[in-house]
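First the structure, in the form of structure tokens, and then the observations on it.
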Amino acid sequence: MASLRAHLYDLTIRLAVKGRLGGTHDVYAIRRAFEGARFPTPAGVAFTPGEVGGVPGEWAEAAGAKTEGTKTEGTRADGERPTLLYCHGGGFIACSAQLYRPVTGRFARAGFRVFTPDYRLAPEHPFPAAVEDCTGVWAALAEAGPAVVAGDSAGGSLALTTIIEARRLGLTPPVAAALFSPATDLIGRSASFRTNGRRDAMFRPEALMRLVPAYLAGADPADPRASPIEADFSGFPPLLIHVGVREILRDDSLRLAEKAKAAGVPVELTVFPVVTHAWQLAESFLPEARRSLDEAATFLHRALKAPPHPEAEVAA
């Protein structure tokens with residue numbers, strides 16, 4: 001059962017965001033709408049500018065934890081907290097590591113050293129710039145030892161493509177991935193694009209699809225780096241997937257879970273009632289956000305302590 005706060009948050013987002021996004025064709029206006037959101041930053045977390053693999057971003061770590069030597073490289077000494085690469089959302093055209101501090105800060109408080117890259121954004125830097133940036137960060141982090149990846153929305157897509165590219169390039173893959181409402185099909189074939197058009201509190205289908213040409217700039221939307229649903233999931237690490245039942249992107253997650261399971265990938269899927277897209281940002285007052293992030297942190301910690309998934313070991 002959804003909390004009362006979830007219903008109130010749904011109404012707030014519906015009134016404040018959906019109308020603004022639905023009527024504009026201006027990518028920069030959409031960027032301003034995305035970046036206008038501000039949420040409280042979790043206490044007890046140190047946020048430090050850094051650079052990993054040549055990509056700028058931000059480290060988040062519980063205050064008082066060791067940060068020496070981590071601000072420019074992905075290396076870490078034995079005994080330090082495990083590393084999490086977090087790919088932020090924003091439709092490939094907006095947002096930043098700083099805006100996502102509510103999410104990365106909670107992961108930091110759960111025992112991770114989190115690096116969030118400020119990957120290049122479209123339309124100034126179209127596909128595959130963001131993919132290249134996240135892959136470059138991962139290449140540096142993977143050299144330091146086992147690590148995990150997470151992301152939401154467009155960032156969920158980038159988390160998946162980071163795994164795809166790690167496999168293609170012969171890099172050590174992430175031990176596991178936590179995905180929040182990932183955008184897995186830029187062709188727009190998921191049925192929820194039609195059935196949830198009115199139910200989604202944030203997006204109309206046409207508004208979401210306007211972001212695709214700005215990001216792809218003529219590239220093939222069926223490229224697995226753009227639409228990860230097209231990838232071969234054999235040998236993928238365990239996946240945790242959280243999505244809202246009312247979201248336009250709901251079936252992007254359901255189809256991903258189904259295809260990954262068919263390929264033998266361990267998948268933990270939870271469909272939340274009522275919650276809006278990117279509800280994890282509201283962790284300061286939304287119990288469903290805290291539940292989602294805490295379950296993801298538990299899942300990732302458990303994967304780091306478990307033996308490697310046999311098929312992932314073969315793929316690596």
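Relative contact order of region 208-312, taken over Cα pairs closer than 8 Å and 6 or more residues apart, is 26 percent.
Taking amide H positions as modeled 1.01 Å from N, with prolines and chain starts lacking one, the residues under 5 Å from ALA178 and 5 or more places away or on another chain are VAL149, ALA150, GLY151, LEU240. Which of ALA282, ALA183, ALA147 moves the most in a Gaussian network model of the chain with Cα springs under 10 Å? Sorting by GNM fluctuation, first place goes to ALA282. Per-residue 3J(HN,Hα) values for region 203-216, derived from phi via the Karplus relation 6.51 cos²θ - 1.76 cosθ + 1.60 with θ = phi - 60°, read 10, 9, x, 5, 5, 5, 6, 5, 6, 5, x, 5, 7, 7 Hz in sequence order (x marks Gly and Pro). According to the square roots a ≥ b ≥ c of the eigenvalues of the Cα gyration tensor, what is the shape class of the chain, taking rounded for a/c under 1.5, prolate for a/b larger than b/c otherwise, and oblate for the remainder? It is rounded, given that a/c, with a ≥ b ≥ c, falls under 1.5.
For the chain, the tally of Lys pairs with Cα-Cα distances below 28 Å comes to 4, considering only residues 8 or more apart or on different chains. In region 79-123, Cα pairs under 8 Å separated by at least six residues give a relative contact order of 54 percent. On a per residue basis, region 97-253 carries 29 Å² of accessible surface, using protein heavy atoms and a 1.4 Å probe.
Applying both filters, DSSP loop and at most 15 other Cβ atoms within 10 Å, to the GluC sites (Glu not before Pro) of region 88-170 gives GLU124, GLU143.
Against the criterion of solvent-accessible heavy-atom surface with a 1.4 angstrom probe, HIS301, HIS7 sort, most first, into HIS7, HIS301.
Rolled with a 1.4 Å probe across the full set of protein chains, the surface gives THR83 an accessible area near 0 Å². When a 1.4 Å probe is rolled over the protein heavy atoms, the share of accessible surface on region 83-178 that falls to carbon and sulfur comes to 49 percent.
If a spin label sat at a point 7 angstrom from the Cα of ARG81 along the line to its beta carbon, the backbone N atoms of region 93-110 nearer than 18 Å would be those of 97-110. In the context of the full protein assembly, LEU11 retains an accessible surface of approximately 90 Å², using a probe radius of 1.4 Å and ignoring ligands and nucleic acids. According to the square roots a ≥ b ≥ c of the eigenvalues of the Cα gyration tensor, what is the shape class of region 124-245, taking rounded for a/c under 1.5, prolate for a/b larger than b/c otherwise, and oblate for the remainder? Because a/c hits 1.5 or more and a/b exceeds b/c, region 124-245 counts as prolate. Stretching the chain fully between ILE187 and ASP26 yields a gain of 55.9 nm (0.36 nm per residue, less the alpha carbon separation).
For region 102-144, a crude dipole built from +1 on the beta carbon of Lys and Arg and -1 on the beta carbon of Asp and Glu, taken about the Cα centre, is about 340 debye to the nearest 20. Annotation: amide H of THR83 within the under-5 Å range of ARG113, VAL148, sequence separation 5 or more or interchain, hydrogens built in the peptide plane.
Phi angles of region 157-164 translate, via the Karplus equation with coefficients 6.51, -1.76, 1.60 and θ = phi - 60°, into HN-Hα couplings of 4, 5, 4, 5, 5, 5, 5, 4 Hz per residue; Gly and Pro are given as x. Loop-located trypsin sites (Lys or Arg not before Pro) in region 156-231 (DSSP state other than H, G, I, E, B) with a sparse environment of at most 16 neighbouring Cβ atoms within 10 Å: ARG189, ARG198, ARG199. When the Cα gyration tensor is reduced to axis lengths a ≥ b ≥ c, the ratio a/c is 1.5 or higher for region 201-316, and with a/b not above b/c it is classed as oblate. Ranking of MET202, MET209 by solvent-accessible surface, largest first: MET209, MET202 (1.4 Å probe, protein heavy atoms only, all chains present).
The values are calculated or read from the model by the stated rules, or taken from the named source; none is laboratory data. The model shown is predicted, which means the values in this text are computed figures rather than measured ones. With ideal geometry, Cβ positions are generated from the backbone for all residues, glycine too; neighbour counts draw on all protein chains shown. Ligands, DNA and RNA are stripped out before the accessible areas are found, and what is left, the full protein with its side chains, is counted by its heavy atoms. Shrake-Rupley method; radii C 1.70, N 1.55, O 1.52, S 1.80 Å.
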